[in-house]
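The values are calculated or read from the model by the stated rules, or taken from the named source; none is laboratory data. Not measured: the values here are computed from a predicted model. Heads up, the Cβs are rebuilt from the backbone with ideal geometry, glycines too, and the neighbour counts pull from every protein chain shown. Calculation scope for accessible area: heavy atoms of the full protein, side chains included, ligands and nucleic acids excluded. Shrake-Rupley method; radii C 1.70, N 1.55, O 1.52, S 1.80 Å.
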Amino acid sequence: MNKAELINKVSEMAEVSKKEAETVITATFDAITDALKDGDKVQLVGFGSFEVKPRAARTGRNPKTKEPIEIPATTVPVFKAGKVLKDIVGK
């Protein structure tokens, strides 16, 4: 499902216009992004949580030349599914 399909689904389920659904979905994504950028954790009870975790520097390999390359440390966003979501998807 891409963003346009999500907007259509939310529009149908909430019985609102596609424009209103798009505004709400975009605002939600922006709010989550801003919180993660500020180092905050976003917890949606029953759904899951978003947070930023550090990834250590490591040595990788260039697949073409097989030469080792240094991959710098970075921070990455991660999502951890909540119990309710796991139970629903796992059935």
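Examine segment 32-46 for a residue that is in contact with a helix residue (DSSP H, G or I) (Cβ under 6 Å, 6 or more places away or on another chain), open to solvent by less than 70 Å² (accessible area, probe 1.4 Å) and modelled with pLDDT of 95 or more, and state whether such a residue exists.
Taking segment 32-46 and keeping what is in contact with a helix residue (DSSP H, G or I) (Cβ under 6 Å, 6 or more places away or on another chain), we get 42, 46.
Subsequent filtering for residues that are open to solvent by less than 70 Å² (accessible area, probe 1.4 Å) retains 42, 46.
Those left that are additionally modelled with pLDDT of 95 or more: 42.
For segment 32-46, residues in contact with a helix residue (DSSP H, G or I) (Cβ under 6 Å, 6 or more places away or on another chain), open to solvent by less than 70 Å² (accessible area, probe 1.4 Å) and modelled with pLDDT of 95 or more: present.
Return the residues of segment 52-74 that are open to solvent by less than 90 Å² (accessible area, probe 1.4 Å) and in contact with a Lys or Arg (Cβ under 9 Å, 6 or more places away or on another chain); say none if nothing qualifies.
VAL52, PRO68, ILE69, ILE71, ALA73, THR74
Here is a list of conditions, (1) of a type outside the set (Val, Ile, Thr); (2) farther than 30 Å from VAL89 by Cα; (3) in contact with a Pro (Cβ under 7 Å, 6 or more places away or on another chain), and LYS64 meets all of them except one; can you say which number that is?
Answer for LYS64: the failing condition is (3).
Taking segment 15-31, which residues are open to solvent by 70 Å² or more (accessible area, probe 1.4 Å) and hydroxyl-bearing (Ser, Thr, Tyr)? Please lay out each step first, then the result.
Residues of segment 15-31 open to solvent by 70 Å² or more (accessible area, probe 1.4 Å): 15, 18-20, 22-24, 29-30.
Listed by number, the list holds a single entry, THR23.
Restricting to segment 76-89, and then to whatever is out of contact with any helix residue (DSSP H, G or I) (no Cβ under 9 Å at 6 or more places or on another chain) and closer than 21 Å to THR33 by Cβ, can you tell me which residue is least open to solvent (accessible area, probe 1.4 Å)?
Let us first name the residues in segment 76-89 that are out of contact with any helix residue (DSSP H, G or I) (no Cβ under 9 Å at 6 or more places or on another chain), namely 76, 78-80, 82-89.
Retained after the next criterion (residues that are closer than 21 Å to THR33 by Cβ): 76, 78-80, 82, 85.
Values: VAL76: 32, VAL78: 49, PHE79: 89, LYS80: 130, GLY82: 16, LEU85: 42 Å².
Restricting to residues being out of contact with any helix residue (DSSP H, G or I) (no Cβ under 9 Å at 6 or more places or on another chain) and closer than 21 Å to THR33 by Cβ, the top hit is GLY82.
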